Structures are given as structure tokens and as C-alpha cells.
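Below is one structure, written out as C-alpha cells, with a few remarks after it.
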Amino acid sequence: MALAFYFSPSSFTPEVYDETIKKLEAAGAALRPARLYHFALRTTGRIQVFDVWESQQAFEAFGPTLLPIMAELGADPGQPMVSPVHNIIKG
């Protein structure tokens, strides 16, 4: 079952987000086959992230790559809101 993860960290600026993506790309980890969707939402000068993953296990497998990069950049993702995906409509 697909799961939606919504992060709303207080210290995640657009600049830190962009640098995180660059570091993930350099590590060859920016595109994850088990991540179905990734959205970066800009609100009041910071970035919120909404991802849809195939499973909890797939999401957790990304942590060892992502979390050290975020820590290096001084960004704490906090705890996400996690919900099962009931339906996806494309278009």
C-alpha cells in the first residue's frame, strides 16, 4: 500500500532544499524508484515536502542517504505526517 509523507520542517529554506537535491544527485540518490511522487511546496519562505512512497520500508531505506545530508546542511526534517494513500488521480 502506498503511503504519503508530509514534512513541514521549520528550518528548510529553498536554498537548503536546493543544496540537498544537489547533494542527493551527486550521491546518485536523487531519483528513487520506490518514490512515486515528490513535491516541494514553498510557503512563507520555507519548503515543505510531500512524498508518496510504495511502502514504509522503501521510505525508510532512503533515510541513511538523506538524513546525513540534511544534518550536514543544518536541516532537521522533524517527524512527518504519514497516511495511507486512498486514491491517486493523474490529470
Quiz item: Relative to the longest principal axis of the chain, what angle (0 to 90°, nearest 10) does the C-alpha long axis of helix 14-26 take?
Solution: 80
Practice problem: Please work out how much length the chain gains when fully extended from Lys90 to Phe7, using 0.36 nm per residue of separation minus the C-alpha to C-alpha distance, in nm with one decimal. | Solution: 27.6 nm
Exercise. Please list the non-local residues whose amide H lies under 5 Å from the amide H of Leu36, H modeled 1.01 Å from N, same-chain partners needing a gap of 5 or more.
Key: Val52, Trp53, Glu54
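Roughly speaking, to the nearest percent, how much of segment 1-89's 1.4 Å accessible area is carbon and sulfur?
Values: 3140 of 5440 Å².
Carbon-and-sulfur percentage of accessible area, whole number: 58.
Kindly give Rg over Rh for the chain, based on alpha-carbon atoms, with the Kirkwood expression for the hydrodynamic radius. Please report the intermediate quantities before stating the final value.
On the way: Rg = 12.9 Å, Rh = 13.6 Å.
With Rg and the Kirkwood Rh in hand, the quotient comes to 0.95.
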Quiz item: At 222 nm, what helix-only mean residue ellipticity would the chain give, in deg cm²/dmol to the nearest 500, using -39500 (n - 2.57) for each DSSP H run of four or more?
Solution: -11000 deg cm²/dmol
Self-check item: On Cα atoms only, tilt of 56-72 relative to the major axis of the chain in degrees
Solution: 10
Practice problem: Return the FRET efficiency for the residue pair Ile21, Asp76: r is the Cβ-Cβ distance, R0 is 22 Å, and the value is rounded to the nearest 0.05. | Solution: 0.80
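Give me the 1.4 Å probe accessible area per residue for the chain, excluding ligands and nucleic acids, in Å².
Values: 5720 Å² over 91 residues.
Per-residue accessible area for the chain comes out at 63 Å².
The values are calculated or read from the model by the stated rules, or taken from the named source; none is laboratory data. A quick note: this is a predicted structure, and the numbers were derived from the prediction, not measured. Counting neighbours? That spans all protein chains shown, and the Cβs are built from the backbone with ideal geometry, glycine included. Note: accessible area is taken over every heavy atom of the protein model, side chains too, but ligands, DNA and RNA are not part of it. Shrake-Rupley method; radii C 1.70, N 1.55, O 1.52, S 1.80 Å.
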